[in-house]
1. Could you name the lysines in cross-link range of K133, using Cα to Cα under 30 Å and dropping any fewer than eight places away on the same chain?
2. Full extension from V249 to I273: what is 0.36 nm times the residue separation minus their Cα-Cα distance, to one decimal in nm?
3. Please report the spacing between the Cα centers of the stretch 132-192 and the stretch 29-107 in Å, no decimals.
4. Give me Rg/Rg_expected for the stretch 28-187, where Rg uses Cα atoms only and Rg_expected = 2.2 N^0.38 Å with N residues.
5. Let me check against my output: what whole-number percent is the relative contact order of the stretch 231-325, with C-alpha pairs under 8 Å and at least 6 apart?
6. Work out the FRET efficiency for Q325 and S97 from their Cβ-Cβ distance, taking R0 = 35 Å, and round it to the nearest 0.05.
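Derivation of every value follows stated rules applied to the coordinates shown; laboratory data play no part. In this text the structure is predicted, and so the values were computed from the model without any measurement. A quick note on method: Cβ atoms are made from the backbone with ideal geometry, for glycine too, and the neighbour counts reach across all protein chains shown.
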Amino acid sequence: MSSDSPIQAELAIQPISRSPSPAGGDVLTLRSLVSTKDAGVIIGKGGKNVAELRDQTAVKAGVSKVIAGVHERVLTVTGSVEGVAKAYAMIVSQLSSASAASPGSPSPDAQSSIRLLISHNLMGSVIGRSGLKIKAIQDASGARMFAQKDMLPQSTERIVEVHGSSESIGRAIEDIGRALLEDWERGAGTVLFHPGVADERSGRRPGQQPGRRSNGDAPRGRGSPSPNSPATQPSNLRTQNISIPSDMVGCIIGRNGTKITEIRRLSGSKISIAKEPHDETGERMFTIVGTPEANEKALFLLYNQLESEKERRVGREQMQQDELQD
C-alpha cells in the first residue's frame, strides 16, 4: 500500500496537480485529514477496503503512517477528477456505515463530512470572487462547504470541510477538483501539512530537545563565506511564489525591514515582495529564489512568523474582550 512519508522533511513541497498542463487527461492529487480510527476503516482488514477502492475507481490511494501521540493522518488520492470524486464518495459511505454500526451512533441517514487539504494559493479558485464559485458548487451538489480562514501549522494548506451525503460530497469534490486543475499552476510551491511533524509553537521536530540544533542549523564559522557570495552561488536555484494576506505583510517585513532581513540571512534565499496585490484577493506575492533546502528554510521561517503574529492578534483580542467585560 502506498503511503505518505510523514517526516521526510519538515516541509515537503509539491504541486497539487502533477500534470504538465491543464489539458485533457489531467491527474489530480487531493489530500484530506482523517482520524486514526477512520484511517483504519479506509484501509480495512489486511488492506481490503483500500484495494477495492483502487480497483473500482482506478485511483492511487494511501494513508500516511501512524505517528505516536498523533491522532490524525493524511489520506492521499490521485487519479482522474471523476475517479478521485468517486473514491471520496466511496470513502464517505464506508465511514458512514462503520459509524452507524457503532453503539450509540447516529442513524445511517445522518450527514457525513470530509476535511480536504487545499493550498492557500488555490483557495480563490474554490471560493471564487465574492464567494460565487463555492456557492455554485454547493447549489449544484447539495453539499455544504466551510473554508477555514487560517493555514495549518508549518504549511500553506487550509481545511475545506464538505458536509452532506456520500453522493453530494462526491459531486462537490468533482467540481472542486476541476476548479483546482484549471488553476493548477498556482498550487506550485505548496507547503504540505504533515500532522505531528513539528511542535506547533516551537517548530521543533518530534523528539528534538529545546535548544538543540539540527545539523542544518549549525552556525557558520567566522571565516565561512556568505551563502550569497559569487564563489558559493549554487547552480540548482529554484524560484517559488507564495501569496501572503496583505494585513500580514507588515509583520513579516518588520520595523525597518529587520524581520525579512533576518529570514533572508538565516535561510540563504533571496526574497522579494510585490509592491501591489496580485489579484482581487488583495494578497501580495512573495518570490523566493534559492536552493531547494534554502527555500524550505525560508518558507518555514515565513510561516512561523505568520503563526506567531496570528497568536499575538488572538491574544490581543482576548485581552480587549476581557477589558470590556470588567
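1. Leaving aside lysines fewer than 8 places away in the same chain, those within reach of K133 are K60, K86, K149, K275, K310.
2. Numbers: separation 24, 0.36 × 24 = 8.64 nm, distance 0.89 nm.
Using 0.36 nm per residue and subtracting the Cα-Cα distance, I get 7.7 nm.
3. Cα centres, the stretch 132-192 to the stretch 29-107: 17 Å.
4. 1.00
5. 34 percent
6. Taking R0 as 35 Å, the efficiency between Q325 and S97 is 0.15.
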